[in-house]
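Presented below is the structure to which this report refers.
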Amino acid sequence: MVLSNLFLRFSKAVLLPGFVMIALFSAVPANAQETSTAPKDAKTELKSSLNDLSSLYQKEVDRLAKQQEQAKGLFNDGLISRVEFENGEKSLADARTKVEQITKEIAAANQPAPVLTTDNMIAGVVSSAVWSTGNAKVDNLIRYYGNQYGVDPFLIYCTMSQESSFSSGATSPKGAMGLMQLMPGTAARYGVTNPYDVGQSIMGGTRYLKDLLKMFNGRVDLALAGYNAGEGAVMKFGNNIPPYEETRNYVKLILKRYAVKKPTS
């Protein structure tokens, strides 16, 4: 009975401030609430996401380290096998590698955005951004063909992400195929016999980007517009981004991720 009375008094004490807080929140002007939910810029969002991910990875490392410390005692006592113990060691090492990788990405995100000019873009200056498709083979091919044809691998990566979300079997409603979403005519132009082949797709898409960059004097925005709508559409509108909603959104999204200032023509 005494405990019930104490619980009732405690509940009232907690609920009363709660009602006060709700009333105060309701009284906040509408514009103040809108300000608090204003969208962040892309770089701020990226940093926030990376920091959240870093925190999750570190928690996983702490959990596995504690688990492995216990496993060590069990192994020494002969209660678990060497295979189980070594599997735990590997999981812990993998988790620590993830923390190291995300730390590098956070450091890269804190660097000032690079500014690519016409000359160094066509010369194939490699971005310092830390990136990965999640597939080492694809990453290596992006770097290989980027360096071979003088296109920033990070630009290829950003384009591929927007085009296919790194799905080699992707096919668009319009008939674009593979990682770099090559149309049949574009694939044929660059000698791509199988657009779903990872290497051929990256090679063809990279060569196309290189030609578009040359055609539009290193203008990354126009090269991207040409990749999406065709170079003919860009030229039709006086070497400007065509007034197609899809193309303009496409260019905007990739440039936001690529984080470069458009060079003047």
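The values are calculated or read from the model by the stated rules, or taken from the named source; none is laboratory data. Here the structure is a predicted model, which means the values were calculated and not measured. Neighbour counts run over all protein chains shown; Cβ positions are idealised from the backbone, glycine included. SASA here: full protein model, heavy atoms, side chains in, ligands and nucleic acids out. Shrake-Rupley method; radii C 1.70, N 1.55, O 1.52, S 1.80 Å.
Some observations on this one:
- Restricting N249, N239, N217 to those that are open to solvent by 50 Å² or more (accessible area, probe 1.4 Å) and in contact with a Leu (Cβ under 8 Å, 6 or more places away or on another chain) reduces the list to N239.
- Taken over segment 208-223, the criterion of being without any contact (Cβ under 8 Å) to a residue 60 or more places away in the chain and more than 23 Å from P243 (Cβ to Cβ) is satisfied by D211 alone.
- Test result for T193, open to solvent by less than 40 Å² (accessible area, probe 1.4 Å), more than 24 Å from G134 (Cβ to Cβ) and out of contact with any Asp or Glu (no Cβ under 9 Å at 6 or more places or on another chain): no
- Any chance N228 is of a type outside the set (S, T, Y) and crowded, with 16+ Cβ neighbours inside 10 Å: yes
- Among (1) open to solvent by 20 Å² or more (accessible area, probe 1.4 Å); (2) in contact with a Ser or Thr (Cβ under 6 Å, 6 or more places away or on another chain) - the single one L179 does not satisfy: (1)
- Residue count, segment 230-265 (criterion: modelled with pLDDT under 90 and among the polar types (S, T, N, Q)): 2
- Only residues that are under 22 Å from L222 (Cα atoms) and either open to solvent by less than 50 Å² (accessible area, probe 1.4 Å) or touching a strand residue (DSSP E or B) at 6+ places or on another chain (Cβ under 8 Å) (or both) were counted across segment 143-170, and they come to 16.
- If you go through segment 171-210 and keep only what is in contact with a strand residue (DSSP E or B) (Cβ under 9 Å, 6 or more places away or on another chain), small (G, A, S) and in a loop (DSSP other than H, G, I, E, B), you end up with A176, G178.
- Failed condition for P184, given (1) at pLDDT below 95; (2) open to solvent by 70 Å² or more (accessible area, probe 1.4 Å): (1)
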